[in-house]
Amino acid sequence: GGGGTDTTVYSVPDALQPVRFNLNDQSATALNIYNTQGGTVEASLEGAIAEIDGAAGQTLIAPELGSTSQINAANDQENIISFTQGNYRFSKNTIAVAISYLDGSNIVGSDVMFNPKMKFSTDDSGSVEQSTFDIQGIGTHELMHTVGVPHLTSDPNATMYPSASMKDDVKLRTLEQADVDALLMRYPLA
């Protein structure tokens, strides 16, 4: 490796938009998900998608999730979101990961894997349990990666800041100006 910083701007080509994600069908009953206020996994993730598409002023990610039995991350033309242990091995403190598949600077597929050893909440009231991670907040962060937005280290309040804590991850649901700017750099408004 060259040791330099990659300055390539990655994005999803127009022909592959909107990106369609399928939620693993075991996710709704995964043992690491706590439904504290009647929210659902689907509603939490669709809220994340709505935040991204709203900020972009266009439909980058399809607003409704499909379903799949697939649990493994793979460059297979199926974009999945899973809370079930598949082939991805998480490091101890990793909350979730977005894995993007590239053709040059084009993102041609992505999978989002939530760590099955972490606890998540579908609390749609905004008062998430202190001992769980907010699916919508973490989902917003990971789904931003799937459309090419990198970590933003200059703003600790940004959704794309490289770390999150259980006590304040609900704020990740709402994109900050730095997040919006990074998104619009990749997908300018027409």
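Each value in this text was obtained by applying a stated rule to the coordinates, not by laboratory testing. What you see is a predicted model; the values in this text were computed from it and never measured. Quick reminder, even Gly has a Cβ in these numbers, built from the backbone with ideal geometry, and neighbours come from all protein chains shown.
Listed values, structure above:
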item: Between segment 148-166 and segment 63-82, the Cα center-to-center distance that results, in Å; result: 24
item: Reachable aspartates and glutamates from K167, criterion Cα separation under 17 angstrom, eight or more residues apart if same chain; result: D123, D124, E129, D134
item: Whether segment 39-144 is rounded, prolate or oblate, judged on the alpha carbon gyration tensor where a/c under 1.5 counts as rounded; result: oblate
item: Nitroxide proxy distance, nm - points 7 Å out along Cα→Cβ at R89 and D181; result: 4.0
item: Positive dipole terminus of segment 49-181, leading residue within G66, Q85, A178 (C-beta point charges); result: Q85
item: Helical mean residue ellipticity (222 nm; -39500 (n - 2.57) per DSSP H run of 4+; nearest 500) of the chain; result: -6500 deg cm²/dmol
item: Amide hydrogen neighbours beyond the local backbone of Y101, cut-off 5 Å, H modeled; result: V108, G109, S110
item: Relative contact order [Cα under 8 Å, 6+ residues apart], segment 14-182, whole percent; result: 24
item: Chain lengthening between V9 and V108 when straightened (0.36 nm per residue, less Cα-Cα); result: 34.2 nm
